[in-house]
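Here's the structure, in structure tokens; my notes come after.
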Amino acid sequence: MNVPNPDKLKKIEIQEYDNLLQQIKPKPAIFTNCVWAFTVGGLICMLAQIIQNYLLSTGMSKIDASSITSVTMIFLGALFTGIGIYDELGKKAGAGTIVPITGFANAIVASAMEFKREGYVFGVGARLFSVAGPTLVFGFAVAVLIGLIKVFFTS
Amino acid sequence: MASGKKRGKQTVVFDNPPVLTAWSAVVGPKEGDGPWGKDFDFIIDDYMFGEKTWEKAETKMLRETIKLTLSKRFFTPEDVELLLAGDLLNQTVSSNFAARELQIPYLGLYGACSTMAESLVTGSMLMDGGFFERVVAASCSHHYASYRQYRFPTEQGVQSTPSTQWTATAAGAILLEAGGTGPRVTSATIGKVIDMGQTDMADMGCAMAPAAADTIKTHFDDLGRSTDYYDLVVTGDLAKIGMAAAEQLFIRDGLVPKPNYSDCGVLLYDETQGVDAGGSGCGCCAAMLCGPLLKKIVNGDISKLLLVATGALMSPTTSFQGESIPAIAHAVAIEM
């Protein structure tokens, strides 16, 4: 007699359930999300551009102006996280608030605020980069990789 | 050896059904702004509840809910023989710390968001078994305490998906007594852990719906009851999408159609409150039960309620390791 394999039956059941969910689950509002991300992300970048143009107009060198612009934007990201606005904006804007440098500031300051309650060593110290960590790790890794490529292929 | 109290595969029927003599629900600001605000005993206006951490706030919320419940019968914690409680935090700290201050003999429970039903089932069995005469069943959750444990720091700007659920800031506590007047816990079905291979941590409802359907089907099969026996069958926190999935599974199994089926996660908030699919958390069905639902039973709007609290039994660690989300549901029949 052909005994049905329980694993196989379970797989069919799971497949059927997945098919059912396909019909029920709403699609994320990709278009609206994109418009929000583009607008908010664009405004953040525009603000930075205004700051940079202003600094350049005072006769500052391009390198100095860029650095000060970055620092200012990081400060603003941190400030708006601290007063509880950045996360509200992030809920709407998604990638628009995560991708600019202000998003990086948000990730670090939010962690600092959250884990301060566990003290400065086991809280802030240990978990400051709990969200931003992957960006740093893979950012450094890729930097090293590209550096090596440059060393080997330009000599 | 059969005691005669067990029916079918997973259901127990109580010879001396414990009476719900007092209950209370304490909720956070968002839940208070929702459609049932006036049905809760107390609405805290600040998520910190005058404490220094989210965890302390959650502990205080549970402790005060239990005290409030006892005060309705003019009892103090010493008058209670057993506390059964649980919550969502690691090592169920909110309940442990509330029990530390209450000094009631305590058994900590973990059933994720199914804990309210788990505590009622366990309490009722211990009472019908003759071990105790006065037991408190309680559970709680705190939005931000859960959010930081399961997801991100609370000030992190993160976009949610339409299936995401909002963990309720809420606590519910019920005093069960061997005698007295009030609604009674008449039967209960203990659920099995069901895993349908769902892995999306932002969609708990769909992971839990099969568990709810399984427990509800088993409940009706074990008791040989028709599906229209209850005035209301209410699941714990499947929320909009999970509830839609559950309804499809019910139709497949020939179970309760609308309108006598609903879900606490769908009921707790208004659509305008920005909670995506709806509410979740131990406090979600605890507060709905101890607030509006029991009020409806006492007022005579409904007389037979089946609460099917659902829980997703994963942790962030298991999810990151690629495990799917196991789920459980326990059913408790409360009848006037």
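The values are calculated or read from the model by the stated rules, or taken from the named source; none is laboratory data. Since the structure is predicted, the reported quantities are computational estimates derived from the model, not experimental observations. Methodologically, a virtual Cβ is constructed for each residue, glycine included, from the backbone with ideal geometry; neighbour enumeration extends over all protein chains shown.
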Original post:
Out of all the residues in the range B:96-152, which are under 15 Å from the mean Cα position of the chain (by Cα) and aliphatic (A, V, I, L, M)?
Top reply: B:109, B:112, B:116, B:117, B:120, B:121, B:136, B:137, B:138
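So that you can scan it fast, the table gives a plain yes or no per residue for (1) among the β-branched types (Val, Ile, Thr); (2) at the interface with another protein chain (Cβ under 9 Å from one of its Cβ atoms); (3) in a helix (DSSP H, G or I):
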position	(1), (2), (3)
A:14	yes, yes, yes
A:20	no, yes, yes
A:26	no, yes, no
A:35	yes, no, yes
A:49	no, no, yes
A:55	no, no, yes
Original post:
Restricting attention to the range A:117-144, and to residues there that are assigned to a helix (DSSP H, G or I) and among the hydroxyl-bearing types (Ser, Thr, Tyr), which single residue is farthest from residue B:51 (Cα to Cα)?
Top reply: A:135
Original post:
Can you tell me which residues in the range B:85-122 are acidic (Asp, Glu) and either closer than 17 Å to residue B:70 by Cβ or touching a Cys at 6+ places or on another chain (Cβ under 9 Å) (or both)?
Top reply: B:87, B:101
Original post:
Between residues in the range B:63-92 that are not assigned by TED's automatic domain parsing to the domain that holds residue B:103 and residues that are surrounded by fewer than 23 Cβ atoms within 10 Å (Cβ to Cβ) and in a strand (DSSP E or B), which pairs lie under 8 Å by C-beta distance while being six or more apart or on different chains?
Top reply: none
Original post:
Can we say residue B:330 is crowded, with 24+ Cβ neighbours inside 10 Å, within 17 Å of the chain's Cα centre (by Cα), at pLDDT 95 or above and of a type outside the set (A, V, I, L, M, F, W, C)?
Top reply: yes
Original post:
Quick one: is residue A:75 closer than 28 Å to residue A:105 by Cβ, more than 12 Å from chain B (Cβ to nearest Cβ) and out of contact with any helix residue (DSSP H, G or I) (no Cβ under 7 Å at 6 or more places or on another chain)?
Top reply: yes
Original post:
Which one of these does residue B:126 not meet: (1) in contact (Cβ under 8 Å) with a residue 60 or more places away in the chain; (2) more than 14 Å from chain A (Cβ to nearest Cβ)?
Top reply: (1)
Original post:
Can you name the residue in the range A:1-12 that is assigned to a helix (DSSP H, G or I) and among the aliphatic types (A, V, I, L, M) and, of all such residues, is farthest from residue B:242 (Cα to Cα)?
Top reply: A:9
**OP:** Return a yes/no flag: does the range B:10-21 have any residue that is at pLDDT 95 or above, in contact with a Ser or Thr (Cβ under 6 Å, 6 or more places away or on another chain) and closer than 16 Å to residue B:282 by Cβ.
**Re:** no
Original post:
Residues B:268, B:249: which one is surrounded by 18 or more Cβ atoms within 10 Å (Cβ to Cβ) and at pLDDT 95 or above?
Top reply: B:268
**OP:** Tell me, please, whether a residue that is more than 17 Å from the chain's Cα centre (by Cα), surrounded by fewer than 17 Cβ atoms within 10 Å (Cβ to Cβ) and among the hydrophobic types (A, V, I, L, M, F, W, C) can be found in the range A:85-94.
**Re:** no
Original post:
So residue B:194 fits all but one of (1) in contact (Cβ under 8 Å) with a residue 24 or more places away in the chain; (2) surrounded by fewer than 22 Cβ atoms within 10 Å (Cβ to Cβ); (3) more than 28 Å from residue B:255 (Cβ to Cβ); (4) within 13 Å of another protein chain (Cβ to nearest Cβ); what number is the exception?
Top reply: (3)
Original post:
Which of the residues spanning the range B:2-33 are buried (at least 18 other Cβ atoms within 10 Å of the Cβ) and not in a strand (DSSP E or B)?
Top reply: B:10, B:14, B:17, B:18, B:28, B:30, B:31, B:32
Original post:
Has the range B:162-179 got at least one residue that is surrounded by fewer than 18 Cβ atoms within 10 Å (Cβ to Cβ), in contact (Cβ under 8 Å) with a residue 60 or more places away in the chain and under 30 Å from residue B:133 (Cα atoms)?
Top reply: yes
